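Read through the structure below, which is laid out as structure tokens, and then see the notes.
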Amino acid sequence: MGIIVQKFGGTSVADATKVKNVAKRIVRTQEEGHQVAVVVSAMGDTTDQLTFLAHEISANPPDRELAMLLSTGEQVSIALLAMAVTELGYQAISLTGTQVGIVTGGFYSEARIQHINDSRILSELDKGKIVILAGFQGVSIDNEITTLGRGASDTTATAVAATLGADRCEIYTDVDGVYTADPRVVPNARKLSRITYDEMFEMAQLGAKVLHSRSVEIAKKFDVPLHVRSSFGEDEGTMVVKDSVMIEEVVISGVTSDKDQAKISLLGLPDTPGIAAQIFQKVADANINIDMIIQNAGQDETADISFTVAEKDLAPTLGIVESLKSNMGFRSISTDKTIAKISAIGIGMQSHVGIAARMFSALGTEGVNIQMISTSEIKISCAIDERHTERAVRAVHDEFELGNVAS
Ligand code: ADP
Ligand code: ASP
Ligand code: MG
């Protein structure tokens with residue numbers, strides 16, 4: 001009998017009625033002859049509320065206590081779902097990350113899964129139980145509770161599916177699949193029946209929060225068939241597949257945006273070899289990811305460098321560059337939190353020319369100024385003023401004719 005992993009997000013378990021509906025769905029899957037392991041997120045916006053509460057107590061809550069607090073959200077939903085399944089006359093057991101042994105690396109937040117102990121899950125499945133697992137949480141080797149980053153219940157699900165050698169991993173959410181753009185921003189966005197792991201990974205990294213990017217990375221690495229679909233309907237969703245399975249190669253699969261970006265500019269740097277390396281090495285040492293970079297010749301043998309980081313990394317990055325300022329002798333530092341990154345993603349980009357030019361001209365026609373650009377084989381990203389984000393996404397989406405025809 002094959003194992004199926006099903007993951008339900010916050011909206012899918014937002015209240016008692018929804019929890020009962022999820023219970024019916026998972027029971028049906030067991031009735032169809034599968035062993036079922038379920039991963040659940042916290043109910044509704046519980047994680048946001050708990051974060052808010054922590055910040056009412058402390059401007060800078062200790063990471064350990066924050067992980068302790070946030071992990072309670074998932075503990076509530078697994079217990080309720082197990083009760084709902086029991087109520088339907090089936091056997092279920094809820095398990096926390098610690099009880100399973102979802103072992104993570106040393107950090108309290110944004111922790112990475114290193115190993116999942118499959119013995120408890122398998123023994124409960126073999127007893128005929130539906131196993132209900134808390135998403136988003138793990139345990140360090142020192143027995144400390146950790147969390148895996150916002151939206152990471154998806155990652156728990158694919159990691160569990162990979163560990164158990166599940167037949168597939170189904171991600172149930174509040175949209176019925178992966179769209180060419182966020183359907184809340186682009187009303188005529190089109191549902192994709194298939195998307196490759198690589199494109200989905202880029203889309204998730206670049207702002208499409210329908211899947212956590214690490215979940216896609218794991219699914220690709222361990223060949224887990226991934227199906228994104230709706231909790232509230234029966235429609236076929238989106239299959240995330242290998243490149244080789246794509247029958248027709250599309251040029252652009254999707255357009256994303258990400259407002260959680262900040263720009264830092266270092267003005268009046270000495271224009272000598274090795275300066276950029278020193279700065280970026282220090283930032284990398286602090287585990288901060290730098291994304292787009294531009295360098296301009298400044299005045300009098302100097303140069304200006306601007307780069308972007310995730311907004312959450314702005315303060316620590318500033319600390320680092322401030323500490324380098326006098327030593328390196330640059331004139332000033334400026335920051336800008338009002339930027340957004342918009343991106344077009346598609347594997348077909350590799351074999352088509354002029355894609356970047358079309359994206360830039362769509363933005364130009366819309367009157368949106370491009371501040372920075374970065375490209376890879378399968379994506380083009382532009383930093384723009386965040387006030388224009390939604391308009392820019394729609395313009396690029398239209399340019400590549402990604403929408404439904406009748407809308
Ligand atoms: P869950 O709580 O189930 O994990 P999320 O809120 O994390 O759900 O992700 C689902 C949301 O992702 C949708 O409501 C949608 O607004 C958003 N989203 C962003 N980009 C896309 C996209 N390209 N396709 C589908 N949904 C998207
Ligand atoms: N509850 C966590 C969050 O809101 C994890 C998740 O939903 O995937 O980020
Ligand atoms: Mg999510």
Among MET203, MET239, which is the only one that is within 21 Å of ASN404 (Cβ to Cβ), within 16 Å of ligand 3 (Cβ to nearest atom) and in contact (Cβ under 8 Å) with a residue 12 or more places away in the chain? MET203
Name the residues in the stretch 264-292 that are without any contact (Cβ under 8 Å) to a residue 60 or more places away in the chain and either under 17 Å from LYS337 (Cα atoms) or charged (D, E, K, R) (or both), would you? ASP271, LYS282, ASP285, ILE288, ASN289, ILE290
Filtering the stretch 44-73 down to residues that are within 15 Å of ligand 1 (Cβ to nearest atom) and not in a helix (DSSP H, G or I) yields GLY44, ASP45
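Each row is one residue, and each column tells you yes or no for (1) in contact (Cβ under 8 Å) with a residue 24 or more places away in the chain; (2) within 15 Å of ligand 1 (Cβ to nearest atom); (3) under 20 Å from LEU211 (Cβ atoms).
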site: ILE4; (1), (2), (3): yes, no, yes
site: SER77; (1), (2), (3): yes, yes, yes
site: ALA82; (1), (2), (3): yes, no, no
site: GLU87; (1), (2), (3): yes, no, no
Picking from GLY151, GLY97, which residue would you name as being in contact (Cβ under 8 Å) with a residue 40 or more places away in the chain, within 16 Å of ILE218 (Cβ to Cβ) and out of contact with any strand residue (DSSP E or B) (no Cβ under 8 Å at 6 or more places or on another chain)? GLY151
For the stretch 301-407, give me every one of the helices (runs of 4 or more DSSP H) that falls completely inside it and has 1 or more residues that are among the hydroxyl-bearing types (Ser, Thr, Tyr) and in contact with a strand residue (DSSP E or B) (Cβ under 9 Å, 6 or more places away or on another chain). 314-328, 389-399
Tally the residues that are surrounded by 14 or more Cβ atoms within 10 Å (Cβ to Cβ) and under 26 Å from the mean Cα position of the chain (by Cα), restricting the search to the stretch 295-314. 8
Is one or more of the residues making up the stretch 23-45 touching a Phe, Trp or Tyr at 6+ places or on another chain (Cβ under 8 Å), farther than 24 Å from ASP235 by Cα and within 16 Å of ligand 3 (Cβ to nearest atom)? yes
For the stretch 320-330, give me each residue that is surrounded by 12 or more Cβ atoms within 10 Å (Cβ to Cβ) and touching a helix residue (DSSP H, G or I) at 6+ places or on another chain (Cβ under 9 Å). ILE320, VAL321, LEU324, MET328, PHE330
Kindly establish whether GLU322 is touching a residue at least 60 places away in the same chain (Cβ under 8 Å), over 30 Å from ASP243 (Cα atoms) and of a type in the set (Asp, Glu). no
Filter the stretch 208-234 for residues that are more than 13 Å from ligand 3 (Cβ to nearest atom) and buried (at least 22 other Cβ atoms within 10 Å of the Cβ) and give the result. ILE218, ALA219, VAL224, LEU226
Do you know which residues across the stretch 383-395 are under 22 Å from PRO183 (Cβ atoms) and not polar (S, T, N, Q)? ILE384, GLU386, ARG387, HIS388, GLU390, ARG391, ALA392, VAL393, ARG394, ALA395
Given the conditions (1) among the aliphatic types (A, V, I, L, M); (2) within 16 Å of ligand 3 (Cβ to nearest atom); (3) part of a strand (DSSP E or B), every one holds for VAL175 apart from (3)
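Throughout, read-outs are computed from the coordinates displayed, never taken from laboratory work. In this text, all values refer to a predicted model and were calculated from it rather than measured experimentally. Using ideal geometry, Cβ is built from the backbone for each residue, glycine included, and neighbour counts are taken over all protein chains shown.
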